[in-house]
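Everything on this sheet refers to the single structure shown next.
The values are calculated or read from the model by the stated rules, or taken from the named source; none is laboratory data. This is a predicted model, so every value here is computed, not measured. Positions of Cβ are generated from backbone atoms using ideal geometry, with glycine treated the same way; all protein chains shown enter the neighbour counts.
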Amino acid sequence: MLNEDFVKEIEASMIYVRNAFIMPKCDPSRVTEAISIYEMRHMNWLAELIVKRGGKPSMEHKALDFGGDDLNGQLEKQIALETEAIERYKRHIELIDDAEVVGVLRHILDEEKRHRKEFRIRLEKLQK
Ligand SMILES: [Fe+2]
Ligand SMILES: [Fe+2]
């Protein structure tokens with residue numbers, strides 16, 4: 001489960017880094033760049049938990065879907081990724097019986113909720 005979370009964080013980090021470069025508008029680009037760094041921190045936290053329990057972090061990520069070449073599609077994709085992450089972390093918190101892991105996953109879950117809010121604000125601004 002931790003490795004599944006780890007790989008998803010790799011995918012999110014890479015998608016956000018790439019999109020931040022492509023985005024034509026300054027504000028969403030900066031927000032996306034800043035959030036990509038949060039996702040990398042999530043990778044670090046998860047990798048530590050994995051290694052501490054005798055595992056090895058998996059680097060086998062899937063082909064990346066960036067949400068296309070326009071800002072609207074990219075923000076929608078990023079919101080969908082955060083929603084997926086929120087649902088996955090909620091599920092894993094329910095299933096995992098390890099206080100340290102659950103503590104870290106709860107912290108990550110809170111940050112993913114904030115990310116989704118940040119991306120939603122940018123998408124709403126576009127639609128005005
Ligand atoms: Fe994350
Ligand atoms: Fe996130």
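Which members of the stretch 76-104 meet the condition of being in a helix (DSSP H, G or I) and of a type in the set (A, V, I, L, M, F, W, C)?
Scanning the stretch 76-104 gives Ile79, Ala80, Leu81, Ala85, Ile86, Ile93, Leu95, Ala99, Val101, Val102, Val104.
Identify, from the list Ala20, Ala99, the residue that is in contact with an Asp or Glu (Cβ under 6 Å, 6 or more places away or on another chain) and either away from ligand 1 (no atom under 14 Å from the Cβ) or on the phi > 0 side of the Ramachandran plot (or both).
Ala20
Please state which of the following conditions Pro28 fails to meet, knowing it meets all the rest: (1) crowded, with 18+ Cβ neighbours inside 10 Å; (2) away from ligand 2 (no atom under 15 Å from the Cβ); (3) not charged (D, E, K, R).
The one condition Pro28 does not meet is (2).
Out of Ile10, Ile22, Ile35, report the one residue that is β-branched (Val, Ile, Thr) and either more than 15 Å from ligand 2 (Cβ to nearest atom) or in contact with a strand residue (DSSP E or B) (Cβ under 7 Å, 6 or more places away or on another chain) (or both).
Details: Ile10 fails: either more than 15 Å from ligand 2 (Cβ to nearest atom) or in contact with a strand residue (DSSP E or B) (Cβ under 7 Å, 6 or more places away or on another chain) (or both); Ile35 fails: either more than 15 Å from ligand 2 (Cβ to nearest atom) or in contact with a strand residue (DSSP E or B) (Cβ under 7 Å, 6 or more places away or on another chain) (or both).
One residue alone meets the criteria, Ile22.
Quick one: Ala34 ticks every box in (1) in a loop (DSSP other than H, G, I, E, B); (2) modelled with pLDDT of 95 or more; (3) under 16 Å from the mean Cα position of the chain (by Cα) bar one, so which box is it?
(1)
Here is a yes/no grid of residues against (1) within 14 Å of ligand 2 (Cβ to nearest atom); (2) farther than 21 Å from Arg18 by Cβ; (3) touching a residue at least 12 places away in the same chain (Cβ under 8 Å):
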residue	(1), (2), (3)
Ala63	no, no, no
Ala85	yes, no, yes
Tyr89	yes, yes, yes
Ile96	no, yes, yes
Asp110	yes, yes, no
Arg116	yes, no, yes
Lys128	no, yes, no
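Evaluate the following for Phe6: is it closer than 18 Å to Arg122 by Cβ, of a type in the set (Phe, Trp, Tyr) and at pLDDT 95 or above? Spell out how you get there, then give the answer.
Details: closer than 18 Å to Arg122 by Cβ: no; of a type in the set (Phe, Trp, Tyr): yes; at pLDDT 95 or above: yes.
Answer is no for this residue.
Leu75: touching a Lys or Arg at 6+ places or on another chain (Cβ under 8 Å) and under 12 Å from Ile35 (Cβ atoms), yes or no?
It is true that Leu75 is touching a Lys or Arg at 6+ places or on another chain (Cβ under 8 Å) and under 12 Å from Ile35 (Cβ atoms).
Report, by residue number, each residue of the stretch 1-17 that is farther than 15 Å from Met59 by Cα and either without any contact (Cβ under 8 Å) to a residue 24 or more places away in the chain or away from ligand 1 (no atom under 13 Å from the Cβ) (or both).
Val17
Which of the residues that make up the stretch 23-59 are in contact with a Lys or Arg (Cβ under 8 Å, 6 or more places away or on another chain), in contact (Cβ under 8 Å) with a residue 60 or more places away in the chain and within 16 Å of ligand 1 (Cβ to nearest atom)?
Correct list: Val31 only.
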